[in-house]
Structures are given as structure tokens and as C-alpha cells.
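Below is the structure I would like to discuss, written out as C-alpha cells.
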Amino acid sequence: MPLPPEYLKYSRRGYGMDQSWYDWSMLPKRPAVKWPNGARLALWVSTAVEFFPLNPPTVPFKAPGSMSTPYPDLRHYTLRDYGNRVGIFRIMKVLDGLGIRASAAVNSAVAERTPRLIDEIVKRGWEILAGGLDMGHIHHGDLDVATESEWIARCVETLRQSTGQAVTGWLSPARSQSMQTMNLVAAQGIDYVCDWVNDEMPYPITTANGQLVAMPHSHEMSDLLIIFQNKHSEEAFTQQLIDQFDVLYREASADDGRIMAITVHPWIIGQPHRIKALERALAHMLAKDDVWPATGADILAAWRAQQA
Amino acid sequence: MADAQKSDPGLYDYWPYIDRPKIEWPNGAKVALWVAPNIEFYELDPPVNPSRKPWPRPVPDILTYSARDYGNRVGHWRMMEVFDRLGVRGSVSLNVALCEHHPEIIEECVKRNWEFYSHGIYNTRYCYNMDEAQERAVIEDAIETVKKHTGQMIAGWLAPALTHTERTMDLLAEYGILYTCDLFCDDQPQPVNVRKGRFISIPYSLEMNDIIHYNVNLGSPRRYADILKANFDQLLEEGAQSGTVMCIPLHAYAVGHPHRIGPFAEALEYIVSHEDVWVTTGREIAQYYFENYYDQTVTAIGAANGGR
């Protein structure tokens with residue numbers, strides 16, 4: 001049977017994108033952005049603080065890192081929990097030592113289950129990003145709006161109450177959205193979203209409830225991608241981070257800053273044999289004195305102040 | 001449609017890589033090198049083809065969609081600068097709707113005298129299940145769109161997302177297209193059996209394809225550089241006997257990342273710094289082959305297969 005005639009109709013074929021969330025724009029053609037104190041690169045480290053339930057739903061899909069052997073999958077449950085009990089404290093020690101305040105993308109279930117961990121994060125002046133309810137609550141196209149709206153409101157509310165922070169950034173579990181997600185997070189007073197991986201600088205997003213900014217929260221520069229998914233070595237992880245940094249540093253200038261973003265997961269990089277792979281890469285970066293360690297909110301504020 | 005599926009596509013005859021008439025590329029070059037950036041547009045919510053889902057996750061799969069969009073917003077420029085520095089012209093495998101969506105990219109490539117050939121309308125519209133009229137409409141659209149935006153008549157074809165029908169090659173030959181990139185059975189150009197006219201296959205390597213290396217084989221940037229160099233060294237050695245073709249298919253959304261561009265550039269520089277390499281385009285290889293080797297090859301293959 002041939003395809004229906006609609007298969008050869010192209011209703012969004014025209015200038016720009018095929019959706020209305022953001023404008024088409026090539027990075028090298030945009031106005032320059034300057035960082036504080038003439039920094040060439042902002043260094044944004046984001047730490048995932050996740051709860052992987054023992055009984056995740058399989059619809060629409062399981063988040064990377066979810067349970068994968070038959071119930072009860074104690075093996076993966078405890079491997080993930082290792083991150084919140086042990087691994088994150090190794091990350092904190094490294095970042096404390098280097099004077100880096102991270103952003104922490106937190107599942108609100110962690111705030112409910114282990115407030116002590118949240119206190120340790122807040123005490124360091126890290127920024128809390130709303131990371132959804134937990135890794136078993138995936139936002140997706142078939143989720144009804146009322147349910148998704150309630151999930152987002154509950155997550156943001158819980159995190160604001162438990163941290164005392166404004167909580168202005170959003171990262172969806174598994175970076176998965178529905179068509180409504182950005183409308184709904186904007187309605188909760190969120191300023192920026194971290195799910196989009198199409199840029200190296202912030203750019204504006206239009207929603208039914210006002211404007212958001214998409215921030216370049218890294219997908220590639222991540223232990224989840226390089227070590228967990230691609231199965232590269234610790235040395236290769238360090239090398240790729242350094243290569244990324246060196247290219248961005250060369251392309252940037254005091255008059256036109258760029259962002260080096262790194263995403264880490266305590267259950268991956270927080271293992272004893274891996275933590276120094278992160279430390280070595282960060283030490284390489286901070287050996288330059290025109291690198292500005294910053295949170296997502298810091299970078300957003302600096303960027304916004306320069307937008308017409 | 002109850003047509004029986006075949007066990008052999010019938011597109012070419014067996015012809016072993018020994019005792020072939022010698023190919024010599026211009027100026028005595030042993031390897032013809034062509035570099036083929038895929039410049040692609042993926043739709044967020046395309047109509048569904050019953051044979052293939054557009055996205056791994058439910059629509060909207062913003063993670064994969066935005067990972068592709070990165071190539072156009074950011075990666076293309078970085079990749080193009082490497083080509084400029086090394087004096088390489090791209091042979092663009094083009095989703096032709098990109099001419100309308102992102103004309104700025106096309107203008108930059110035209111300025112550099114790059115070749116354009118067709119990779120379908122969008123990378124999210126598959127040829128599976130098309131009837132002949134539909135497939136003709138796609139080919140005619142591609143020819144007209146590329147001519148309108150670049151002045152070029154397309155010489156080559158890489159099926160959109162590598163999706164075909166049994167009649168694709170026949171139709172391409174009929175429209176005066178010279179070569180296909182969809183057959184991976186050789187390291188030299190090959191005549192393709194078509195209903196009428198003359199048509200060839202030019203090697204377009206999946207093994208050297210950055211997206212296969214990075215997203216399928218999950219390889220590292222440095223290993224990609226090692227593979228490219230080893231592939232070239234071997235084809236150069238064999239090219240002394242009879243000229244070979246090396247293709248490097250690229251995607252700015254893969255190779256254009258900061259941590260990947262350096263090793264790629266280093267490998268490309270290594271390759272083009274050799275004297276015995278003809279740095280060229282798909283069209284130029286096809287034309288040269290038709291002028292000098294097509295007839296003798298068809299005769300030789302016929303003789304080898306019993307005077308067919």
C-alpha cells in the first residue's frame with residue numbers, strides 16, 4: 001500500500017525551525033557576551049542528585065540508569081544509592097578544594113527521603129535545580145496535562161520549601177519533555193530549562209506562560225555519556241573534557257565569552273577509581289586565571305543583563 | 001502489495017578485487033579523497049511511515065531532535081573552518097528542505113564552491129512504501145530545490161536516512177543523476193545495473209562515518225582519528241596498483257563538538273598532506289570515472305560473468 005498523500009506534504013517547510021519554541025540562529029553570528037572580570041569561559045559544573053525507584057514504570061521508557069534486572073533489582077538500586085550515600089561526598093570534596101560551587105539537579109524525592117543530603121548541598125552555596133519527582137516519573141508526549149502540571153508543581157514546591165532557594169532552573173528526568181512541559185514549568189516561576197542540547201550558549205524560549213531561557217547544560221561532557229553509555233575509560237573521560245575545554249578556550253575571548261559545562265553523576269564519577277579523573281580535568285581548567293566557576297543561575301544573570 | 005522479496009538486490013554483479021584494469025586518478029594520484037558533510041533537518045513531529053519510527057523516544061523527542069539541531073546552530077561553522085584551513089571542499093549530502101529552513105548555511109557552502117547532492121527532503125521522511133509517483137516527486141523536488149538555491153544539478157544521491165525501494169536506482173539514473181552513495185560493497189567506483197542509462201556507485205564509507213563511529217560504535221574522538229588514518233594508509237598502499245576511493249562522511253552534530261574537532265582535523269591534515277591523494281568531490285570522481293573507466297569496466301565485468 002502506498003503512503004497517504006500527506007506523507008509528501010511539508011506544512012512547516014520554510015524559514016527557521018519547524019516548531020515555535022525558539023528562533024533559528026547560528027552561534028557565530030550572534031552578538032558577543034562578556035563574562036564578569038574578563039573571563040573567557042564560565043565553568044558550570046552540574047551534579048545530578050537522583051532517586052531511582054526499585055519499581056520504575058516501563059512506559060514511556062526507563063531512564064538511563066534505571067533498574068534493569070528482574071524485580072527486586074537490588075544490584076542497580078544500591079549502585080545508584082551509592083551515589084547519594086558515598087559518591088557525592090567525593091565530588092563535594094573535589095569541588096570544595098577547587099573553590100567551585102556546583103548546580104545540583106535534584107529529584108524532589110531526594111529532598112523528602114534524605115533531607116540531610118540536601119542540607120549538605122545548600123550549606124555549600126550550591127544552586128538547586130528542579131530535577132522532577134524522581135527517575136521513575138518521565139515527562140512525555142502521552143502524559144495528560146493535569147498530571148504533568150501536578151508533578152511539576154509538587155517538585156518545585158518541595159524543593160523550594162526544603163532548600164529555601166528560589167529554584168529557577170529545570171532539568172527533566174532523562175531530559176524528556178512533553179509538548180506542554182515548558183509551558184508548565186514557566187507557570188511555576190522557572191526561568192531556565194536545561195534539557196535542550198542544541199547550543200553552547202543560552203538562548204530564549206517562548207512558552208504560553210512567558211519566556212524561558214535554554215541553558216547549555218551539557219549532555220556530551222558527562223560521565224553518563226562518556227563512561228556509562230560509551231564505556232570509555234577514566235583517562236578518556238579526562239582527555240575529552242580537556243579537549244573540549246581547550247577548543248572552547250581558544251575560540252572564546254575576554255570580549256566574547258563561552259561556557260564549559262560538565263554534568264556528573266555521583267553514582268558514576270563518585271566511584272573511588274574515577275573521582276580523580278574529574279579532579280584532573282577541573283584542575284587543568286582552573287589553571288587558567290580567566291575561567292569563571294559559576295552556577296547556572298550566575299551565568300543566566302550575566303547573560304540576561306546583556307540582552308537588548 | 002504482495003510482491004515477493006528478493007534474495008539479491010540485482011544491482012551489481014560479483015567482481016573480485018583482484019585482476020581489475022588499473023585506475024589512475026588525475027596527476028597520478030592513488031587515492032581519491034572526498035569529504036561528505038551531511039547537512040540535515042530532522043522534523044520534530046513528521047508523519048509516520050509504517051516501516052520506521054522517526055525517533056527513539058515518543059514525540060516530542062527533544063533530546064535527539066536538539067542533538068541534531070546542534071549541527072546547524074553550532075557544529076557546522078566549526079567543521080567548515082577545518083575545511084577552509086585545509087583547502088577541502090565538501091560534497092554535501094543535503095536534506096533539501098534545509099535550503100528553505102537555513103539558507104545561511106547553504107550560502108556559505110555555495111561561496112566555497114562545495115558540491116550539493118541529495119539526501120532526500122528531510123531526514124525524517126523515509127522512502128519505504130512509496131509508490132513510483134511518490135518517489136519521482138521526491139527526486140524532482142530534490143533536483144528543483146537544489147537548482148533553485150545553488151544553481152547546481154545534483155549529481156549524486158544518498159537516500160534519506162538510507163531508505164530505499166527496489167526501483168530507487170532505476171529512477172535516479174533516469175533523471176540523469178550520476179552516482180549513488182548507498183552501496184557499501186567496494187573501495188572503487190562500480191557500475192550499477194539499472195533499467196536504462198548509466199549509473200555508478202561511489203564508495204561512501206559507513207565505517208568512516210562519524211555518526212556510526214560515535215553513536216553506533218560509541219567510539220572516542222582519538223580513536224576516530226586513528227581509524228581515519230589507518231583507512232587512508234591502506235587505501236594509499238593499494239592505490240599504487242589501482243586507484244581507490246576514500247570517503248569521510250560527516251555530520252556537524254557529531255564531529256562539530258569541541259572535543260571531537262581537534263582529532264578529526266589532525267587526521268584530515270595528515271591525509272591531505274600526502275602527495276598521492278586527489279582531494280576532490282563526488283561529482284568529479286563520477287565524471288572522471290565515466291569519462292575514463294566506465295565502459296572498460298562494464299566490458300570486464302561482463303567478460304568475468306560469462307559475456308553477460
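Read-outs: derived from the displayed coordinates by stated rules, not from any lab. Keep in mind that this is a model prediction, so the values were computed, not measured. With ideal geometry, Cβ positions are generated from the backbone for all residues, glycine too; neighbour counts draw on all protein chains shown.
May I ask you to list the residues in the range B:135-165 that are within 14 Å of another protein chain (Cβ to nearest Cβ) and surrounded by fewer than 17 Cβ atoms within 10 Å (Cβ to Cβ)?
B:R136, B:A137, B:E140, B:E144, B:K148
Tell me the residue from B:V92, B:V82, B:V110 that is in contact with a helix residue (DSSP H, G or I) (Cβ under 7 Å, 6 or more places away or on another chain), assigned to a helix (DSSP H, G or I) and more than 14 Å from chain A (Cβ to nearest Cβ), please.
Details: B:V92 fails: assigned to a helix (DSSP H, G or I); B:V82 fails: more than 14 Å from chain A (Cβ to nearest Cβ).
The match here is B:V110.
Next question. Against the definition (closer than 21 Å to A:T114 by Cα, surrounded by fewer than 20 Cβ atoms within 10 Å (Cβ to Cβ), out of contact with any helix residue (DSSP H, G or I) (no Cβ under 8 Å at 6 or more places or on another chain) and hydroxyl-bearing (S, T, Y)), how does A:T58 come out, yes or no? So that I can check it myself, show each step before the final result.
Details: closer than 21 Å to A:T114 by Cα: no; surrounded by fewer than 20 Cβ atoms within 10 Å (Cβ to Cβ): yes; out of contact with any helix residue (DSSP H, G or I) (no Cβ under 8 Å at 6 or more places or on another chain): yes; hydroxyl-bearing (S, T, Y): yes.
Criteria not met by A:T58.
Looking only at the range A:199-255, filter to residues that are more than 9 Å from every other protein chain (Cβ to nearest Cβ), more than 15 Å from the chain's Cα centre (by Cα) and among the hydroxyl-bearing types (S, T, Y); which one of those is nearest to B:R78 (Cα to Cα)?
The qualifying residue nearest to B:R78 (Cα to Cα) is A:Y249.
Among the candidates B:E238, B:E207, B:E266, which residue alone is charged (D, E, K, R) and within 14 Å of chain A (Cβ to nearest Cβ)?
Details: B:E238 fails: within 14 Å of chain A (Cβ to nearest Cβ); B:E207 fails: within 14 Å of chain A (Cβ to nearest Cβ).
Just one listed residue meets the conditions, B:E266.
Same structure again: Could you tell me how many of the residues in the range A:26-42 are touching a helix residue (DSSP H, G or I) at 6+ places or on another chain (Cβ under 7 Å) and either surrounded by fewer than 17 Cβ atoms within 10 Å (Cβ to Cβ) or away from chain B (no Cβ under 14 Å) (or both)? Write out each step before concluding.
Within the range A:26-42, the first condition is being touching a helix residue (DSSP H, G or I) at 6+ places or on another chain (Cβ under 7 Å), and the residues that meet it are A:26-28, A:33, A:35-36, A:40-42.
Applying the additional criterion that residues be either surrounded by fewer than 17 Cβ atoms within 10 Å (Cβ to Cβ) or away from chain B (no Cβ under 14 Å) (or both) yields A:26, A:28, A:33, A:35-36, A:42.
Here the count works out to 6.
In the set A:I226, A:I275, A:I205, A:I242, which member is in contact with a helix residue (DSSP H, G or I) (Cβ under 9 Å, 6 or more places away or on another chain) and either crowded, with 21+ Cβ neighbours inside 10 Å or among the basic types (K, R) (or both)? Walk me through it before giving the result.
Details: A:I275 fails: either crowded, with 21+ Cβ neighbours inside 10 Å or among the basic types (K, R) (or both); A:I205 fails: either crowded, with 21+ Cβ neighbours inside 10 Å or among the basic types (K, R) (or both); A:I242 fails: either crowded, with 21+ Cβ neighbours inside 10 Å or among the basic types (K, R) (or both).
Within the list A:I226, A:I275, A:I205, A:I242, the selection yields A:I226.
Additional query: Among the residues of the range B:263-291, which ones are β-branched (V, I, T) and outside any helix (DSSP H, G or I)?
Hits for the range B:263-291 are B:V277, B:V279, B:T280, B:T281.
Looking only at the range A:1-56, how many residues end up being polar (S, T, N, Q), more than 20 Å from the chain's Cα centre (by Cα) and not in a loop (DSSP other than H, G, I, E, B)? If you could, list the steps in order and put the result at the bottom.
In the first step, residues of the range A:1-56 are kept if they are polar (S, T, N, Q); the result is A:11, A:19-20, A:25, A:37, A:46-47, A:55.
Keeping just the survivors that are more than 20 Å from the chain's Cα centre (by Cα) gives A:11, A:19-20, A:25, A:37, A:55.
Now restrict to residues that are not in a loop (DSSP other than H, G, I, E, B): A:37.
Total meeting the criteria: 1.
Considering only residues of the range A:2-11 that are facing another protein chain (nearest Cβ under 7 Å) and within 23 Å of B:V59 (Cβ to Cβ), which is surrounded by the most Cβ atoms within 10 Å (Cβ to Cβ)? Walk me through it before giving the result.
Just the residues of the range A:2-11 that are facing another protein chain (nearest Cβ under 7 Å), to begin with: A:2-3, A:6-8, A:10.
Within this subset, residues satisfying the condition of being within 23 Å of B:V59 (Cβ to Cβ) are A:3, A:6-8, A:10.
Values: A:L3: 20, A:E6: 9, A:Y7: 18, A:L8: 17, A:Y10: 18.
The selected residue is A:L3.
Going by what's in this entry, would B:L171 be described as aliphatic (A, V, I, L, M) and touching a Phe, Trp or Tyr at 6+ places or on another chain (Cβ under 9 Å)?
Values: aliphatic (A, V, I, L, M): yes; touching a Phe, Trp or Tyr at 6+ places or on another chain (Cβ under 9 Å): no.
Answer is no for this residue.
Any residue that is facing chain A (nearest Cβ under 8 Å), more than 22 Å from the chain's Cα centre (by Cα) and of a type outside the set (F, W, Y) - is there at least one of those in the range B:16-28?
Checking the range B:16-28: not a single residue is facing chain A (nearest Cβ under 8 Å), more than 22 Å from the chain's Cα centre (by Cα) and of a type outside the set (F, W, Y).
Say we look at the range B:101-118 and pick out the residues that are more than 14 Å from the chain's Cα centre (by Cα) and either within 17 Å of B:P249 (Cβ to Cβ) or free of Cβ contacts under 8 Å to residues at least 24 places away in the same chain (or both); which of these is surrounded by the fewest Cβ atoms within 10 Å (Cβ to Cβ)?
B:K111
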